[in-house]
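Below you'll find the structure, written out as structure tokens, and then a few comments.
What follows is calculated from the coordinates using simple rules that are stated; it is not laboratory data. Note that this is a predicted model, so its numbers are computed, not measured. Neighbour counts run over all protein chains shown; Cβ positions are idealised from the backbone, glycine included.
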Amino acid sequence: MQNIESLKLELKKINSEAAKIRDLPVEERADFGKKINAKRQEILAKISEAEKALLDAAVEPLDITAWSGVNEALPDFYPTDMGSLHPLMSELDRVVDIYQMMGFDVVEARQLDDEFHMFDSLNFVKEHPARDGYDTFRTEEGFIPPAHTSTMQHRVLKAYRKKLEDGKAIAVVVPGRVFRNEDVDATHEHTFYQCEGVYVSETCSLGNMLGILREFFEKYYEQKLEIRTQPGYFPFTEPSLEFLIEKPKSLGGKKGDYLEMLGCGMIHPNVLKMAGINPEKYHGFAWGGGIDRLVMLRYGLDDVRHFESGNLKFLREF
């Protein structure tokens, strides 16, 4: 069996090789992405097997009758079997894989940020109600647990703007955990996950954005989907849209049933200027949507609170 470190080194090389997809002709990307993903899954399986072998060798057998009395029922939290990826994490991997096959780079979001990246860099006016403590969490030191992955837009634009000078596009997705001052119920949580998308070039348009989003949702739900948009408002995009998809058949969707999935729009010129990008020459679009909602729809779940509950009966279903 291969050494775990050597396997991880192989995985790192494969991930580096995956970045080459953006330089390939469009018609070659899908095939290249499938081959890279197959290699990645093969290495991940070998790593998992090697880690399990080490664990089996290191852990002595447990006498479960010694827990609280001979043959008494074990409590639900007793570690009787191997763990697994949380459903949100496995689905987040799936989301990222789809975007990578489309040529996007991936940047992980932060879980603690500041006023500038949360608001100022995104064209929020000083009097915007979202700055109020009623909506946004803050630490005693004044830092902010991000309410959206859009806090990474400014960093992404600055870090990748040299690509524009080289005649290439900025194409990045940003998955991350976000936090909001919400009243928790079946459809609202104070802690959840989002995935942000940012694309900038000299020639991109709203039509390009709608094509990318349609392709993503059709890949994710594995079926052809009708889409539509409706007007929205976000300080950092103009025009701003809400993106809807036809309700998937797997959820009993019928012709004419639509679901709102995310907010999107053309990046506001002020946001590009703040990152040192000339809005007269370059255009961009961005979008952001919740991962939790994607997973709920994919598996027909009716309560978002299951994800953060730590309920092993729920988690074992995945």
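Angle check, please: helix 26-58 long axis (alpha carbons) against the longest principal axis of the chain (alpha carbons), in degrees 0 to 90, nearest 10.
Value to nearest ten degrees: 30.
Write down the percent of antiparallel bridges among all DSSP beta bridges whose residues are both part of region 87-315, to the nearest 5.
Values: 37 of 39 bridges.
Given both bridge residues lie in region 87-315, the antiparallel proportion sits at roughly 95 percent.
Calculate the translational D of the chain in whole µm² s⁻¹ from Stokes-Einstein, where the hydrodynamic radius comes from the Kirkwood formula applied to all Cα pairs, the temperature is 10 °C and the viscosity 1.306 mPa s.
Details: Rh = 22.0 Å.
The estimated diffusion coefficient comes to 72 µm²/s.
Quick check for me: using +1 on Lys/Arg Cβ and -1 on Asp/Glu Cβ, what's the dipole size of the chain about its Cα centre, in debye to the nearest 20? Don't skip to the answer; put the middle values down first.
On the way: 40 positive and 53 negative charges, 263 e Å.
About 1260 debye.
Angle between the Cα long axis of helix 206-221 and the longest principal axis of the chain, 0 to 90 degrees, nearest 10?
Between helix and principal axis, roughly 10 degrees.
Any chance you could run the full-extension gain for Glu215 through Arg94? It's 0.36 nm times the residue separation minus the Cα-Cα distance, nm to one decimal. Each step should come with its number before you reach the end.
On the way: separation 121, 0.36 × 121 = 43.56 nm, distance 1.40 nm.
Value of the extension gain: 42.2 nm.
If you fit an axis through the alpha-carbon atoms of helix 87-101 and take the longest principal axis of the Cα set of the chain, what angle between them do you get, 0 to 90°, nearest 10?
40
At 0.36 nm per residue, minus the direct Cα-Cα distance, what do Asp23 and Glu280 gain on full extension? Give it in nm, one decimal, please. Before the final figure, lay out each step's value.
Values: separation 257, 0.36 × 257 = 92.52 nm, distance 2.57 nm.
Here the segment from Asp23 to Glu280 would lengthen by 90.0 nm.
Ranked highest first by the average count of other Cβ atoms within 10 Å around their residues, in what order do 99-112, 145-158, 178-191 fall?
Numbers: 99-112: 18.1, 145-158: 22.5, 178-191: 14.2.
Descending mean neighbour count gives 145-158, 99-112, 178-191.
Between Ile227 and Leu85, what is the label-to-label distance in nm when each label sits 7 Å out along the Cα-to-Cβ direction?
A separation of 2.5 nm, rounded to one decimal place.
How far apart, in nanometres, would the label points at Ala45 and Asp31 be if each is projected 7 angstrom from Cα along the Cα-to-Cβ direction?
Result for the modelled spin labels: 2.3 nm.
How long is the gain from Asp303 to Asn3 if the chain were fully straight, where each residue apart is worth 0.36 nm and the alpha carbon distance is subtracted?
Numbers: separation 300, 0.36 × 300 = 108.00 nm, distance 4.17 nm.
Answer, rounded to one decimal: 103.8 nm.
Quick one: if you stick a label point 7 Å off each Cα along the C-beta vector at Thr203 and Ala159, how many nm between them?
Modelled inter-label distance: 2.8 nm.
Dividing the Cα radius of gyration by the Kirkwood radius, what Rg/Rh value follows for region 105-199?
Ratio value, two decimals: 1.02.
How much mean residue ellipticity at 222 nm does the chain get from its helices, if each DSSP H run of length 4 or more adds -39500 (n - 2.57) and you divide by all residues, to the nearest 500 deg cm²/dmol? All intermediate terms of the calculation are to be shown ahead of the outcome.
Working: 11 runs with 118 residues, N = 318.
Rounded to the nearest 500, the figure is -11000 deg cm²/dmol.
Report Rg/Rh for region 211-318, rounded to two decimals, where Rg is the Cα radius of gyration and Rh the Kirkwood radius. Can you show the working numbers first?
Values: Rg = 17.2 Å, Rh = 16.0 Å.
Radius of gyration over Kirkwood radius for region 211-318 works out to 1.08.
Of the cross-linked pairs Lys168/Lys247; Lys35/Lys162; Lys39/Lys219; Lys35/Lys254; Lys12/Lys163, which ones have a Cα-Cα span greater than 27 Å in the structure shown? Please list the in-between numbers first.
Working: Lys168/Lys247 35 Å; Lys35/Lys162 29 Å; Lys39/Lys219 20 Å; Lys35/Lys254 35 Å; Lys12/Lys163 23 Å.
From Lys168/Lys247; Lys35/Lys162; Lys39/Lys219; Lys35/Lys254; Lys12/Lys163, over 27 Å: Lys168/Lys247; Lys35/Lys162; Lys35/Lys254.
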